[in-house]
Structure formats: C-alpha cells, structure tokens
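To keep things clear, I will list the structure first and then write my remarks on it.
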Amino acid sequence: MLNDLRTKIAAGKEFKITVIVTPKSQQNRILSCELNPENSEFTLKVKVRGIPENGQVNENLINYLSTELNLAKSSLQIISGFTSRQKILSINALQ
C-alpha cells in the first residue's frame, strides 16, 4: 500500500491523508498504510520519536515522512490534529 501512496504522490496532485501517531518510540517507523476503498483515502499508522511537547512529535513526523516519501518538508502540512494522535496532513507534491 505504501507504493500506492507513492504513486499517488508522483501524480502531482494535492490530497489529504490521515496519520495515526504513536509518540515516544525508540525509532521512527511506518507500521501500516491502508487505503479506504470507499473514499480512496490513505491512513498511515506511524511510530515517531520524541515526546508530545512543544510540537516535537509533529516536527519529527514531518521530517520522517518527507524522507520516507521523497518529498520536500514544505510539501507536507498538518492541517488538523496538532495536539491529537490522529492528524490530517495535506500533501502537495508540486512544491
């Protein structure tokens, strides 16, 4: 499924994904990537290093996903869930 997400990114359109974050992990890691067939939206489950204070987990999440998905950090933006474990990210591969 992660390859399907990369294919969608390569298409160059802006879209949203749901990310469920587990903080305080020993390493950054994508646990799963699921595609909802009803609405074609992706949900990622990700373990992220850092503690959920001062935006540390959010920053680590953006850094990690930009590396894993081969995107500039500016292409990823948290639009909902700044203080929640469930976040909605906007991905714009054209930036």
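Values in this text are rule-based calculations from the coordinates and carry no lab data. All figures in this text were calculated on a predicted structure; none of them were measured in a lab. Neighbour counts run over all protein chains shown; Cβ positions are idealised from the backbone, glycine included.
Please report the antiparallel percentage of DSSP beta bridges with both residues in the chain, rounded to the nearest 5.
Details: 18 of 24 bridges.
Counting DSSP beta bridges with both partners in the chain, the antiparallel share is about 75 percent.
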Per residue, what volume in Å³ does the Cα convex hull of the chain take up? 85
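Helix-only mean residue ellipticity at 222 nm, the chain, DSSP H runs n ≥ 4 weighted -39,500 (n - 2.57), per residue, nearest 500. What is it?
Working: 2 runs with 22 residues, N = 95.
Rounded to the nearest 500, the figure is -7000 deg cm²/dmol.
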Gained length - Gln27 relative to Thr7, 0.36 nm times residue gap less alpha-carbon distance: 4.6 nm
Angle in degrees between helix 56-68 and the longest Cα principal axis of the chain, rounded to the nearest 10: 40
Neighbour cut-off at most 14 other Cβ (10 Å), DSSP loop, GluC sites (Glu not before Pro), region 8-95: Glu38, Glu53
